[in-house]
1. Does any residue in region B:39-56 that is within 7 Å of another protein chain (Cβ to nearest Cβ) and closer than 19 Å to A:Thr47 by Cα come within less than 6 Å, Cβ to Cβ, of a residue that is of a type outside the set (A, V, I, L, M) and assigned to a loop (DSSP other than H, G, I, E, B) six or more places away or on a different chain, and which pairs are these?
2. Could you list, in sequence order, all residues of region A:256-271 that are farther than 18 Å from A:Phe12 by Cα and either of a type in the set (Gly, Ala, Ser) or surrounded by 13 or more Cβ atoms within 10 Å (Cβ to Cβ) (or both)?
3. Can you name the condition, by its number, that B:Gly127 falls short on among (1) surrounded by fewer than 17 Cβ atoms within 10 Å (Cβ to Cβ); (2) within 14 Å of chain A (Cβ to nearest Cβ); (3) among the small types (Gly, Ala, Ser)?
4. Out of all the residues in region B:177-226, which are in the same structural domain as B:Val43 (by TED's automatic domain parsing), without any contact (Cβ under 8 Å) to a residue 60 or more places away in the chain and over 19 Å from the mean Cα position of the chain (by Cα)?
5. May I ask you to list the residues in region A:107-119 that are in contact (Cβ under 8 Å) with a residue 60 or more places away in the chain, in contact with a Lys or Arg (Cβ under 9 Å, 6 or more places away or on another chain) and not in a loop (DSSP other than H, G, I, E, B)?
6. Can you find a residue in region A:237-245 that is farther than 21 Å from A:Pro30 by Cβ, touching a Gly at 6+ places or on another chain (Cβ under 9 Å) and of a type in the set (Ser, Thr, Tyr)?
7. For the structure I just gave you, tell me whether A:Arg143 is charged (D, E, K, R) and in contact (Cβ under 8 Å) with a residue 24 or more places away in the chain.
8. Looking at this structure, is A:Ala81 touching a helix residue (DSSP H, G or I) at 6+ places or on another chain (Cβ under 6 Å), part of a helix (DSSP H, G or I) and not assigned by TED's automatic domain parsing to the domain that holds A:Val21?
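The values are calculated or read from the model by the stated rules, or taken from the named source; none is laboratory data. Quick caveat, the model's predicted, so the values are computed rather than measured. Note: ideal-geometry Cβ built from the backbone for every residue, glycine included; neighbour counts use all protein chains shown.
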2 protein chains.
Amino acid sequence: MSPNSRAAIGVFDSGVGGLTVFKALAERLPHERMVYLGDTARVPYGTKSPEVVTRYSLGCARELLQHELKALVVACNTASALALDALEAQLPVPVVGVIAPGAAAAAAATKSRRVAVIATPATIASGAYQRALHEARADLEVRAKACPLFVPLAEEGWTQGDVPRLVAREYLGQGFVDGADTLVLGCTHYPLLRDIIAEAVGPKVTLVDSAHATAEHVAGLLEKRGLLAPVGNAPERHFLVTDTPARFVEIAGRFLGQPIAGAQQVDLKLA
Amino acid sequence: MSPNSRAAIGVFDSGVGGLTVFKALAERLPHERMVYLGDTARVPYGTKSPEVVTRYSLGCARELLQHELKALVVACNTASALALDALEAQLPVPVVGVIAPGAAAAAAATKSRRVAVIATPATIASGAYQRALHEARADLEVRAKACPLFVPLAEEGWTQGDVPRLVAREYLGQGFVDGADTLVLGCTHYPLLRDIIAEAVGPKVTLVDSAHATAEHVAGLLEKRGLLAPVGNAPERHFLVTDTPARFVEIAGRFLGQPIAGAQQVDLKLA
């Protein structure tokens, strides 16, 4: 396969959360052909082991390679934290994760040099954000916390009201962000809970998510390699899922702000 | 394979929840050899499609058949609701789900003939409890509700305090159980939230879970077929998981009330 400018950008996530990244990519790169794969039959990744997350991520990537790709975006923080090295080693196209762009954005935003990160248990346990933040800026003080209930709350659409407010207070109260002026939303589901999280940490803390920073990074990468789609290229958008499509199609509309025509179920051979 | 009385009882669940059933079986049938499989690499089942839950359930059953089995217990309400027919059709040993025993126990317990059921979205959508309750007793009035956040709350150990109390009130308040005197805990995780659920529905409602009713049913089945293990049979207990064992082993101790020696990771070929 020789990548060319009309090839597609492949994007995968454990389920629907990566659509926040897909949306930012589609806005930043409106002429690109894009294929999204949501591994809805095996969601979530954030409570599973590095070994299993790596196996699933390679399966998703191989499925997406059936389409002609010029780049692969890992739109899942857990997969970016645990499987990026394996994906880079095994794939014939450039691979972009969401952690380095998100960490760079946070390092640029902080004035107090204190940055807080919230993410899934697997992402936090990997230390990937802590490393990426220190690589972006060596003098940062980083505090990190796993917030496992935020994913099911976002998936169930409980993004407003007393329950998510109380959960956010449990996770983020008691001085967790004390002194930090920047909070990284280190899971693609968390932007759906942005209002509740902002309320829990207070107005002095800037929330950073990886979606826009990742889209910027992909745009720069494609431009540098002469792979940007020509203006007027038909920007086809194609959605693949591993479980039956109905629930994904319904939720995708909520994430993208507009309905999608449908999604195709694929069967990943790699368990 | 010809089942004999020294063969094992196989038990599977999407993860750790089925250990509540395993514990009841071990207490009721202390001389039996038992093998438990938790599909921790693909948990949860309760938010997935009938097609995927059936495929995963058949994979679990086939793995357990590698051990010499005399019966298979589907210790997962979602799998019992969606995959029992397929399992019965394809397996060479008797298959027992948790829904019929739980429904029979609830039908026996109610005086008002009004029964409420809470379970995962997949179980409720299947209508399996509604059908089983009406089969157990035709004149019951049944109300059913999906409570998807109870599983992540139980998995995270948030079984006491303000958050689960508020979630329970959201699901079970506003007259959901009004008039019902019996509430079926239609998911093997829910017994961990028993106190909170009891508080939300009030002291007039009897909570029924399937674990003991299922253990009774299995004991009766084995006795009828002359398959009870002889007294003094070494009651080996063996645990299999599809993700790495560490987290399972930790949580299993909490579910069983005593630590387990370990669990073996198996690789299900059927994705």
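1. Note: pairs meeting the criteria are B:Ala41/B:Thr242; B:Ala41/B:Asp243; B:Arg42/A:Arg42; B:Lys48/A:Asp243.
2. As a first pass, look at region A:256-271 and keep what is farther than 18 Å from A:Phe12 by Cα: A:257-259, A:261.
Listed by number, the residues that qualify are A:Gly257, A:Ala261.
3. It fails just one condition, (2).
4. Scanning region B:177-226 gives B:Glu223, B:Lys224.
5. In the first step, residues of region A:107-119 are kept if they are in contact (Cβ under 8 Å) with a residue 60 or more places away in the chain; the result is A:109-112, A:114-119.
From what is left, the residues that are in contact with a Lys or Arg (Cβ under 9 Å, 6 or more places away or on another chain) are A:110, A:114-119.
Residues satisfying the conditions are A:Arg114, A:Val115, A:Ala116, A:Val117, A:Ile118, A:Ala119.
6. Yes, that holds for at least one residue.
7. Values: charged (D, E, K, R): yes; in contact (Cβ under 8 Å) with a residue 24 or more places away in the chain: yes.
Considered against the rule, which asks whether it is charged (D, E, K, R) and in contact (Cβ under 8 Å) with a residue 24 or more places away in the chain, A:Arg143 comes out as yes.
8. No: the conditions fail for A:Ala81.
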